[in-house]
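Encoded as C-alpha cells, the structure appears first; notes follow it.
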Amino acid sequence: CFLLENVIRFVIEMSLFVTVCWLFLGLGLLSHTVNGIDFKGLLKILGSVTPDEILSKEAKAIQGRSGFEQNTDLCFIVQISCPSNKRVLNKIIEDINRIISNVGNQSCYTIIIYSKTAKKFIDWTDAKKQLIKKFKPPRKCDDCQAQLPTALDLCKKQLKEKNENSRDIVPDVIVTYTDGLSFISKFDKTYQITTVIPKLLEVKQCPNTAGRAFKVGDYSYASDEWTLLEFDNTNILNYIHIKNLNINPHAVEIPAVEGITKEGDPIICPHCCNADVVIIIDRSESILLPDIENVLKFFEDFIMALKYKILPLAPPGPGLRFAILTYNCPVYIHCHLGANNHTGLIKCVKGIPHATGKYTNTADALKEAHKQFSLYGRNSVEVREIVIIATDGRTWECNARTVSDPPTATIAAAKDLKDAGKEIYVYGLPNHKGLVDGCKREWIHVASDPKACHIIDFTEGTFSEEDLLLGGTHLVKEI
C-alpha cells in the first residue's frame, strides 16, 4: 500500500513522461548512467517521434489511456418555450447524453432551461451519469417568451461556483440549444439590440470559456444569436470531436484538458504545457563558441516547436510562459518571465550574444530563476514551475582562483528551488577541455529526480542533429 501511494503521488505531481520514465527505469527497460539518460535509451522510448508530432496529437489519442481522461465543465442551456416540442426536446436529451458520454468521467455538466425565466434543471453532475430527467414543453403555446440573457447569467453563476472549487484550469463550455430569437414581447423590438446582443458579447469575453450553438426550429434564416454563441476564448488545443448528433449542426468540438483519477475521485493534474519556465544558459569561457551557437539554436527550435502553447501577453488560460537568462560572472536577464509572447521569445533568443566571459556563477543564475518565479510567476498549484539549465557543471565563482570544489553555493541554490516545488532539468554541455566530471560534481545534485529523466548529457561531444532532436523531443514531452 505504501508503494502504491507513492506511485499515485508521483503520477499526480509529475508530468506523464516523467512517470513513464520512472516506469521504464523501475522495470529495467531504460539504460542509463550516472550522467543521466543516454541517447540509445532515449531513442528506445521516443522512437522516431518528433516535437511537432507530439504537439499535434489530438485529445482522442489521450483518451482511453489508463488513469487519464479528458476534463471539461459543460453548461447546457436549453430553450423550452415555443416552438419547442416533446420530440425535439427528446432529441436534445439524446445529444446531451452523447456529448457527456464522450467527454470523460472527470468532466461535469449542469443544465439551465429557459423561456420567460431561466432556472436550473440539473445541478452539477459527473459526466459518467447520464441525463434521465425529461424536459417538459409548455402545455399551451402561451409561454412564448425567450429570455436567453437570464439563462446566460445563471450559467455564468454556475460556472463561477465550479471554478472556485479548484477547477479554474478546466475550460468552461456553454452549449446552447435555441431557435435564435430571444424576446420578451412581440411589441418590444429593442430587446435584441439593448439586452441580448450586449449580453452575448459580454459572455464571449469570459476567460477560459468556449461557446457552442445548436439550432432548434427553423434555421433557414441567419440569426445573430447563433453566430455570437459560437466562440473560443481558451488557449486549449485539445478538442473532443463528437459527431452524428440530432440537432443542427450535428457535430461539435469540445475543448478539454487532461485529468487524472486518484482512488476514484476526480483530481485535476496540471494542464499539459501549463508551466512557467526559466531557461538558463552558461556562457562562460569553458563552453566553446560552436557549442554556444548550438545550444542557442537548440532553444530557438525548442521555443518554435511550442509556438501554439506559448501564452500571449494577457493570458486567458493555461499555457507556457518563459524567462531566458544567461550567465558567466554576471547574470544577464534577456527576457523576464511572461514578458514576451512567442514572437518576442524568438527575438529574445536571436538577440543573445554568442560571446563568452570569465567565471561560471551558476549559484546566482539559479537564485535569479527563483526571483523570476517570485516576482512574475502565476503562483498557482495548477502551474508547474520549471528550470532548464544548460551548463558544463563546473561552477567558478566570481574572482575565485579556481573551480568550486565542491560547488556548495550552486547545490544550495538548486536545493532552495526544489524545496519550493520547482523542477530542474539539466542540459549537460560539453566542456572546452573535454572534461566529463560535470555530472558527478553538479548535475546529479542540481537536477530533480529521477536523474536519468532530468539530465540530458551531451558531454560525449556528439552534439549531432539526431541527438539534439532527441533532446528537444524529450524536453517537449516533459513540459
Problem set entry | segment 444-460, subset out of contact with any strand residue (DSSP E or B) (no Cβ under 9 Å at 6 or more places or on another chain) and part of a loop (DSSP other than H, G, I, E, B), residue modelled with the lowest pLDDT | GLU460
Problem set entry | Matching entry among ALA400, ALA420 (being among the aliphatic types (A, V, I, L, M), more than 26 Å from LEU296 (Cβ to Cβ), in contact with a His (Cβ under 8 Å, 6 or more places away or on another chain) and surrounded by fewer than 16 Cβ atoms within 10 Å (Cβ to Cβ)) | ALA420
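Could you say whether any residue in segment 335-345 is assigned to a strand (DSSP E or B) and surrounded by 16 or more Cβ atoms within 10 Å (Cβ to Cβ)?
Of all residues in segment 335-345, those assigned to a strand (DSSP E or B) come to 335.
So of that shortlist, the ones also surrounded by 16 or more Cβ atoms within 10 Å (Cβ to Cβ) come out as 335.
Checked segment 335-345: at least one residue is assigned to a strand (DSSP E or B) and surrounded by 16 or more Cβ atoms within 10 Å (Cβ to Cβ).
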Exercise. If you go through segment 199-218 one residue at a time, do you hit one that is touching a helix residue (DSSP H, G or I) at 6+ places or on another chain (Cβ under 9 Å), among the aromatic types (Phe, Trp, Tyr), open to solvent by less than 10 Å² (accessible area, probe 1.4 Å) and at pLDDT 90 or above?
Worked result: yes
For this session: Determine, yes or no, whether ASP95 is at pLDDT 95 or above, of a type in the set (Asp, Glu) and buried (at least 17 other Cβ atoms within 10 Å of the Cβ).
Result: yes
Problem set entry | Sole residue being open to solvent by 60 Å² or more (accessible area, probe 1.4 Å) and not charged (D, E, K, R), chosen from VAL436, VAL426 | VAL436
Problem set entry | Hits in segment 363-417 (condition: touching a residue at least 60 places away in the same chain (Cβ under 8 Å), part of a loop (DSSP other than H, G, I, E, B), under 29 Å from VAL436 (Cβ atoms) and in contact with a Gly (Cβ under 8 Å, 6 or more places away or on another chain)) | ASP392, ARG394
For this session: Considering every residue within segment 314-325, establish whether at least one is outside any loop (DSSP other than H, G, I, E, B), among the β-branched types (Val, Ile, Thr) and open to solvent by 10 Å² or more (accessible area, probe 1.4 Å).
Result: no
Seminar exercise, completed: Within segment 228-262, of all residues that are in a strand (DSSP E or B) and among the aliphatic types (A, V, I, L, M), the one modelled with the lowest pLDDT is ILE260
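The values are calculated or read from the model by the stated rules, or taken from the named source; none is laboratory data. This is a predicted model, so every value here is computed, not measured. So basically every Cβ, Gly included, is an ideal-geometry build from the backbone, and we count neighbours across all protein chains shown. The accessibility values were calculated without ligands, DNA or RNA, using every heavy atom of the protein model including side chains. Shrake-Rupley method; radii C 1.70, N 1.55, O 1.52, S 1.80 Å.
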